[in-house]
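Scroll down for the structure; my scribbles are underneath it.
Values quoted throughout were computed directly from the atomic coordinates according to the rules given, and no laboratory measurement underlies them. Predicted model only: the values in this text are computed from it and were never measured. Please note: Cβ atoms are built from the backbone with ideal geometry, for glycine as well, and neighbour counts cover all protein chains shown.
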Amino acid sequence: MFDRFGMRNTSMVWRPRFAANLADGWQADGRVEPHDERSKVRAAGSMDTTIADMAKFAAGFMRGEGLKPASRAEMLKPQLPITTRSQFRSLQPEVPPAERWKGLAAGLGVVTFEGPQGRGFFKGGHNESTANMWACVETRRRCVVLLSNDVRAETAFPKIVDAVLGDTGLPWQWEYSFRPAA
């Protein structure tokens, strides 16, 4: 996949040549977290990349490159309704149907939602010192990719996504358990 999209600065394990372009992370309390040079693949968080490489992936995915149309559609199909008030804490109780996020579901590798621009999808992630988000509007075939070396950046993600894509209806309060600043 990395070769297909020309992602020359992306790997699931640390590459010494990345050292010239790395960023240490910043924790919520302002402490620096040195970059973790992982030597073993961990699917949920060992990838090093650049914003340019991740944008190449997002653009290729939106064009449907490298996937059969049926496979891509299956990935973005709502597979399982999401029935919790927020993403975290894990194993929380389901909320009554009337209180659930309308159209929010797990796809394959992404979270799907229905918003004012139609169907969208996103995938975010963070640890103690970094945060990232990939948010897309399927009908307009547009995405925004956000990578940050400061976990506190997540509070700005809603405004950035809205500035780039317009009102997507992305369920920010479910994703981050906070209401975005107006």
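Here residue 28 and residue 100 are evaluated by their C-beta separation; at R0 = 30 Å the FRET efficiency comes out at 0.55. DSSP finds beta bridges in the chain, and of those with both partners inside it, around 95 percent are antiparallel. Along the stretch 60-70 the Karplus relation, 6.51 cos²θ - 1.76 cosθ + 1.60 evaluated at θ = phi - 60°, assigns HN-Hα couplings of x, 5, 5, 7, x, 6, x, 10, 5, x, 5 Hz to successive residues, with x for each Gly and Pro. For 54, 75, the sequence from fewest to most other C-beta atoms within 10 Å is 75, 54. Each Cα pair under 8 Å and six or more residues apart adds its separation to the average, and for the chain the resulting relative contact order is 20 percent.
Taking GluC sites (Glu not before Pro) across the stretch 105-139, the ones in a DSSP loop with at most 13 further Cβ atoms lying within 10 angstrom of their Cβ are 128. Rounded, prolate or oblate: which fits the stretch 65-182, taking a ≥ b ≥ c as square roots of the Cα gyration tensor eigenvalues, rounded meaning a/c under 1.5, else prolate when a/b beats b/c? Cα axes put the stretch 65-182 in the rounded bin.
Relative contact order for the stretch 50-105: 30 percent, from Cα pairs under 8 Å spaced at least 6 residues apart, divided by residue count. Take the Cβ atoms of residue 46 and residue 88, set R0 to 22 Å, and the FRET efficiency comes out at 0.55. Count Lys and Arg as plus one, Asp and Glu as minus one, and take only other residues whose Cβ is under 11 Å from that of residue 101; the net charge is then 0. Loop-located chymotrypsin sites (Phe, Trp or Tyr not before Pro) in the stretch 86-130 (DSSP state other than H, G, I, E, B) with a sparse environment of at most 15 neighbouring Cβ atoms within 10 Å: 88.
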